[in-house]
1. May I ask you to say which residue of Gln14, Gln56 is in a helix (DSSP H, G or I) and either modelled with pLDDT under 90 or on the phi > 0 side of the Ramachandran plot (or both)?
2. I'd like the full set of residues that are of a type in the set (Gly, Ala, Ser) and open to solvent by 80 Å² or more (accessible area, probe 1.4 Å), limited to segment 1-25.
3. Could you please tell me which pairs satisfy a Cβ distance under 9 Å, a separation of 6+ or placement on different chains, a first residue in segment 38-63 that is without any contact (Cβ under 8 Å) to a residue 40 or more places away in the chain and over 12 Å from Ile25 (Cβ atoms), and a second residue that is among the charged types (D, E, K, R) and surrounded by fewer than 15 Cβ atoms within 10 Å (Cβ to Cβ)?
4. When the residues of segment 45-63 are filtered to those that are among the β-branched types (Val, Ile, Thr) and closer than 12 Å to Thr21 by Cβ, which remaining residue is surrounded by the most Cβ atoms within 10 Å (Cβ to Cβ)?
Amino acid sequence: MRELDSEEQELLEQLNGGLPTDELIVMVRDLAQVLTKEGLAIRARVAATAADRLEQLSTMRIN
């Protein structure tokens, strides 16, 4: 397994430290966009679906 670069390490630390759900949803949606641009349609759709589900669960928890 390769070493993480500084940006990846920072992201990992943020995720391990706890992240508000709204920020996580934005990050996963951004990931879906990046994957789409890379031509990875199936992975992009999985990320988009995960973001949608997180949003639904977050809304249900608030209500």
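1. Step by step, each of Gln14, Gln56 is checked, and only Gln14 is in a helix (DSSP H, G or I) and either modelled with pLDDT under 90 or on the phi > 0 side of the Ramachandran plot (or both).
2. Ser6
3. Correct list of pairs: Ala44/Lys37; Ala44/Glu38.
4. Filtering first and then ranking leaves Thr59.
The values are calculated or read from the model by the stated rules, or taken from the named source; none is laboratory data. Quantities reported herein were computed from a predicted structural model and do not represent experimental measurements. Note: ideal-geometry Cβ built from the backbone for every residue, glycine included; neighbour counts use all protein chains shown. Each accessible area value is taken on the protein alone, full model and side chains, heavy atoms only, with ligands, DNA and RNA left out. Shrake-Rupley method; radii C 1.70, N 1.55, O 1.52, S 1.80 Å.
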